[in-house]
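Below: one structure, written as structure tokens.
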Amino acid sequence: MTPLGIYISDDRLAARLYPGTQLREEGETFYEACISFPVTPHPFYEAILGPPPPLQPSKSLHVPCIAYPGIHVEAVVTARHRVEPGFLIVYFDPVHVRIDGEAVHAYSRSYGCSIELLIALTRLRYWARTRPPSCHTVRKLLHVALDAYNCIVHATWSSKLHSHAAKALREAVVRAYETGCIAPSEVEEP
């Protein structure tokens, strides 16, 4: 279970997998996926920060789906495209779509800002392992993480979401420090 940015490419679902990640390596061999669009951002935080979210059997494939309300798209991998420098684009065709609970809900700023924060964190994890890092990119990602955290704090009263976001931001700051691009005096942690 991992958060995955899904987009439409040539009328197919697609995902771009980053080099140096476990998912990138697994992307060469997996052939099924349950793509979930949960109604809350909590499963995304759990997938990245732990503990892993609970799972449930899918209806038509061998892989499980997260056990949170939302839209679940069970899909098979139909193609892979390798892109320099080491990225992998994986294409999916849906075989079954299931809606659990209130899959359609109003947009919330805290949801969108949570996704931005977690994307920035996962990209900072990548740059913390890359030498030499792109300091311009690291600074930009840290700025995104700080703005997203500020958005979450002002967009919801949920203490659980605030806690998840603070934990994600703390790790984002640590990863930025690890690159050598950011000095501790440049960032005030939550």
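The values are calculated or read from the model by the stated rules, or taken from the named source; none is laboratory data. Please read these numbers as outputs of a predicted model, since none were measured by experiment. Cβ sites come from the backbone with ideal geometry, for glycine too, and all protein chains shown count toward neighbours. Surface areas here come from the heavy atoms of the whole protein model, side chains and all, with no ligands, DNA or RNA. Shrake-Rupley method; radii C 1.70, N 1.55, O 1.52, S 1.80 Å.
Is there a residue in the range 19-26 that is part of a helix (DSSP H, G or I), surrounded by fewer than 18 Cβ atoms within 10 Å (Cβ to Cβ), free of Cβ contacts under 8 Å to residues at least 40 places away in the same chain and in contact with a strand residue (DSSP E or B) (Cβ under 8 Å, 6 or more places away or on another chain)? Taking every residue of the range 19-26 in turn, at least one turns out to be part of a helix (DSSP H, G or I), surrounded by fewer than 18 Cβ atoms within 10 Å (Cβ to Cβ), free of Cβ contacts under 8 Å to residues at least 40 places away in the same chain and in contact with a strand residue (DSSP E or B) (Cβ under 8 Å, 6 or more places away or on another chain).
Here PHE44, PHE92 are screened, and the one residue that is touching a Leu at 6+ places or on another chain (Cβ under 7 Å), within 30 Å of ASN150 (Cα to Cα) and surrounded by 13 or more Cβ atoms within 10 Å (Cβ to Cβ) is PHE44. Of the numbered criteria (1) over 22 Å from ARG125 (Cβ atoms); (2) hydrophobic (A, V, I, L, M, F, W, C); (3) not in a strand (DSSP E or B), the one VAL77 fails is (3).
Listed here are the residues, each with its yes/no results for (1) of a type in the set (Asp, Glu); (2) open to solvent by 40 Å² or more (accessible area, probe 1.4 Å); (3) under 13 Å from the mean Cα position of the chain (by Cα).
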| position | (1), (2), (3) |
| --- | --- |
| GLY5 | no, yes, yes |
| ARG16 | no, yes, yes |
| PRO69 | no, yes, no |
| HIS72 | no, no, no |
